[in-house]
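A.B. asks: Got a structure for you, questions after.
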Amino acid sequence: MVGPEAFTEVRYLSHHTQLRALGLIPQLAAAFKKAFGRDSGGLLRTYRTDDAETIVVALGSVNGTVQEVVDAMREGGSRIGSVSICSFRPFPLNALRDALQHAKRVVVLEKCLAVGLGGIVSDGVRKALSGIVLKGYTVIAGLGGRAITRASLTRLFEDAERDELEQVTFLDLNADVVSYELERESRARRSGPTAEAILRRLGAVASRIG
């Protein structure tokens, strides 16, 4: 850590290093593949995107489930594919733009919520697609370790193909519980212990809260 007289320069050098990594990461991934005969890392990986009208963007382990759903929907005639982001920082703006620019819609599936905004990955995707006209959706899923199932993803992607998603969608959201809590809060001066109330309404027993 340094004082204000040098802090800007230190942060710039960190930023500069990240930008240099955008060029080095693909080279290292190619060297790895040559040495070991398999892919590892890189900036991103595309899956069945060549003719895809709908492309799902995600990062992490959920991509395995996404690809299984893509395969099943392809068998039914859907033109869907996916992109796995391997490098979040630095964010692969140009590579992602190349992968998505011919799609009709993009669904960003992410397991992190920026409260009051939506998803953090979606911000990078929107920047990558600046100037390209297509429909984009953010889907928040798996919060708190909730399972992301093939059945839920299939319904989600089918809704996306019909452009029936909200701008920000919460996968498997229990709308009845949310509506009840919002109504309860509107009647009370204070919102009260929301988490405890939801657990009670769901029939769960919280042995300890706090």
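The values are calculated or read from the model by the stated rules, or taken from the named source; none is laboratory data. Values in this document were obtained by computation on a predicted structure and should not be read as measured data. For neighbour counting, all protein chains shown are included, and Cβ atoms are generated from backbone atoms with ideal geometry for every residue, glycine included.
A.B. asks: Got a sec? Which of Leu117, Leu113 is touching a Phe, Trp or Tyr at 6+ places or on another chain (Cβ under 9 Å), modelled with pLDDT under 95 and at negative phi?
C.D. replies: Among Leu117, Leu113, only Leu113 is touching a Phe, Trp or Tyr at 6+ places or on another chain (Cβ under 9 Å), modelled with pLDDT under 95 and at negative phi.
A.B. asks: Tell me whether segment 12-30 contains one or more residues that are within 28 Å of Leu153 (Cα to Cα) and of a type in the set (Gly, Ala, Ser).
C.D. replies: So far as segment 12-30 goes, no, none of its residues is within 28 Å of Leu153 (Cα to Cα) and of a type in the set (Gly, Ala, Ser).
A.B. asks: Check Ser78, Ser14, Ser84 and return the single one that is under 28 Å from Ile140 (Cβ atoms), of a type in the set (Ser, Thr, Tyr) and either outside the structural domain of Glu158 (by TED's automatic domain parsing) or outside any loop (DSSP other than H, G, I, E, B) (or both). Working first, answer last.
C.D. replies: Working: Ser78 fails: either outside the structural domain of Glu158 (by TED's automatic domain parsing) or outside any loop (DSSP other than H, G, I, E, B) (or both); Ser14 fails: under 28 Å from Ile140 (Cβ atoms).
Matching residue, one of Ser78, Ser14, Ser84: Ser84.
A.B. asks: Now a separate question. Asp51 passes all but one of (1) of a type outside the set (A, V, I, L, M); (2) assigned to a helix (DSSP H, G or I); (3) modelled with pLDDT of 95 or more; which number fails?
C.D. replies: (2)
A.B. asks: For Ser84, all conditions in the list (1) under 19 Å from the mean Cα position of the chain (by Cα); (2) free of Cβ contacts under 8 Å to residues at least 12 places away in the same chain hold save one; what is the number of the exception?
C.D. replies: (2)
A.B. asks: Further question on the same structure: Within 19 Å of Val62 (Cα to Cα) and surrounded by fewer than 14 Cβ atoms within 10 Å (Cβ to Cβ): is that true of Arg162 in this structure?
C.D. replies: Against the criterion (within 19 Å of Val62 (Cα to Cα) and surrounded by fewer than 14 Cβ atoms within 10 Å (Cβ to Cβ)), Arg162 does not qualify.
A.B. asks: Test each condition in (1) surrounded by fewer than 14 Cβ atoms within 10 Å (Cβ to Cβ); (2) of a type in the set (Gly, Ala, Ser); (3) modelled with pLDDT under 95 for Ala151 and report the one that comes out false.
C.D. replies: Just one mismatch for Ala151, condition (3).
A.B. asks: Taking segment 76-112 as the region of interest, how many residues are within 25 Å of Thr17 (Cβ to Cβ) and of a type in the set (Asp, Glu)?
C.D. replies: Total satisfying the criteria: 1.
A.B. asks: Take Ala141 and tell me if it is touching a helix residue (DSSP H, G or I) at 6+ places or on another chain (Cβ under 8 Å) and either closer than 28 Å to Leu13 by Cα or modelled with pLDDT of 95 or more (or both).
C.D. replies: yes
A.B. asks: Report, by residue number, each residue of segment 113-144 that is over 18 Å from Phe157 (Cα atoms), surrounded by fewer than 18 Cβ atoms within 10 Å (Cβ to Cβ) and in contact (Cβ under 8 Å) with a residue 12 or more places away in the chain.
C.D. replies: Passing the criteria: Leu113, Lys127, Ile132, Leu143.
A.B. asks: Here's another thing I want to ask about it. Out of Ala31, Ala52, Ala21, Ala6, I need the residue that is in the same structural domain as Gly142 (by TED's automatic domain parsing) and not charged (D, E, K, R). Which one? Full working, then the answer.
C.D. replies: Working: Ala31 fails: in the same structural domain as Gly142 (by TED's automatic domain parsing); Ala21 fails: in the same structural domain as Gly142 (by TED's automatic domain parsing); Ala6 fails: in the same structural domain as Gly142 (by TED's automatic domain parsing).
Testing whether each residue is in the same structural domain as Gly142 (by TED's automatic domain parsing) and not charged (D, E, K, R) leaves just Ala52.
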